[in-house]
Structures are given as structure tokens and as C-alpha cells.
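Encoded as C-alpha cells, the structure appears first; notes follow it.
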Amino acid sequence: AKWIYQPKGLKLSKMLYNIENISKEIIVCEGIFDVWAFYRIGIEATCVFGSSISKEQQKELLKLNLPITLCFDNDTAGNKATKASIPLFKYKTDLKIMELPIGKDPADCSEVELVKAYMNRKEI
């Protein structure tokens, strides 16, 4: 239902929301509200419009030649996305993952929880 007003022919698998504003580190999350949650705490982020990274998105992210932090939702789909995304970036860039509280996405986290998860991100 949330995609009902999406223009026909729009290929979200080729898009990265807010990528043009990334300058020092790429935080990759699932949705626009997650990007806005990071913005509220002063961190630049991008989203892949779902819980998987396409080949096109992978190429665009690697082109920036910046460290990447994966921050998918801490649910079944998000955990699966994190595991599937690690091989896309491991050994190609500095890679870290953020672990959010169980069952939460960045937009659900309080600012304190999100900052804590960011500060405790793990190198892969």
C-alpha cells in the first residue's frame, strides 16, 4: 500500500535516496524515515528502499570510495539483508554494521538509542 502512488516504471532498485549528500561515510538503511532519523542526530545516511541492495546500488555505493556502515532493521528481513550485504562490500571498502535494539529500525529508535548503536558499530 505504501507504494501505491509510485510512478509507473520507477525502478527503485537503481536509486539511493539522499546519496548526493553523503561526504565522509555511507550509512545504508532501508527507508526514507530511517534516513531522517539519522539526519536528526547529525549523521548523513542513504537508503535502498527495501531490505536488499541491488547490483546497481552496490556499484554506486562503491564508486564513492567511502567507508560503509550497514544499518538494516533489527528484524528477520533486516538481519537477512545484513548477512546478504556483507559479501557485497567486504574486502572492497571499510565495512561496519550497526546493531539496533531488537525489533527496531532507525526511525523507531530514540535519538539516544541511535547514537549508541552508531558509536558501537562493529568492523567486519
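The values are calculated or read from the model by the stated rules, or taken from the named source; none is laboratory data. Please read all numbers here as calculations on a predicted model, not as lab measurements. Quick reminder, even Gly has a Cβ in these numbers, built from the backbone with ideal geometry, and neighbours come from all protein chains shown. Ligands, DNA and RNA are excluded from the accessible area calculation, which covers all protein heavy atoms including side chains. Shrake-Rupley method; radii C 1.70, N 1.55, O 1.52, S 1.80 Å.
Values computed for the structure shown
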quantity	calculated
Dipole moment magnitude, nearest 20 debye, segment 43-89 about Cα centre, only Lys, Arg, Asp, Glu C-beta charged	220
Ile27 long-range amide H proximity, modeled H, under 5 Å	Thr46, Thr69
Environment charge of Val48, counting only residues whose C-beta is closer than 14 Å and scoring Lys/Arg +1, Asp/Glu -1	-1
The chain: relative contact order in percent, alpha carbon pairs under 8 Å with at least 6 residues between	24
Candidates Gly78, Gly31, Gly103, ranked by Gaussian network fluctuation over the chain, Cα under 10 Å, top entry	Gly103
15 Å reach of a label modelled at Lys14, 7 Å along Cα-to-Cβ, counting backbone N of segment 43-77	54-60
Accessible area of segment 5-115 belonging to carbon and sulfur atoms, whole % at 1.4 Å probe	55
Student exercise, the chain dipole from Lys, Arg, Asp, Glu Cβ charges, in Debye to nearest 20	500
DSSP bridge pairs, the chain: antiparallel proportion in percent, nearest 5	25
Cleavage-rule hits, chymotrypsin sites (Phe, Trp or Tyr not before Pro), segment 21-110, DSSP coil, Cβ neighbours within 10 Å at most 10	Tyr91
Cross-link reach list, aspartates and glutamates versus Lys92, counting only Cα pairs under 15 Å and skipping chain neighbours closer than eight places	Glu25, Glu60, Glu123
The chain - accessible surface per residue (Å², probe 1.4 Å)	62
Label corresponding to volume of the Cα convex hull per residue in Å³ when calculated from the structure given, among (1) 145; (2) 107; (3) 96	(2)
Spatially proximal lysines relative to Lys11 (Cα-Cα < 23 Å; intrachain offsets below 8 disregarded)	Lys2, Lys55, Lys59, Lys63, Lys80
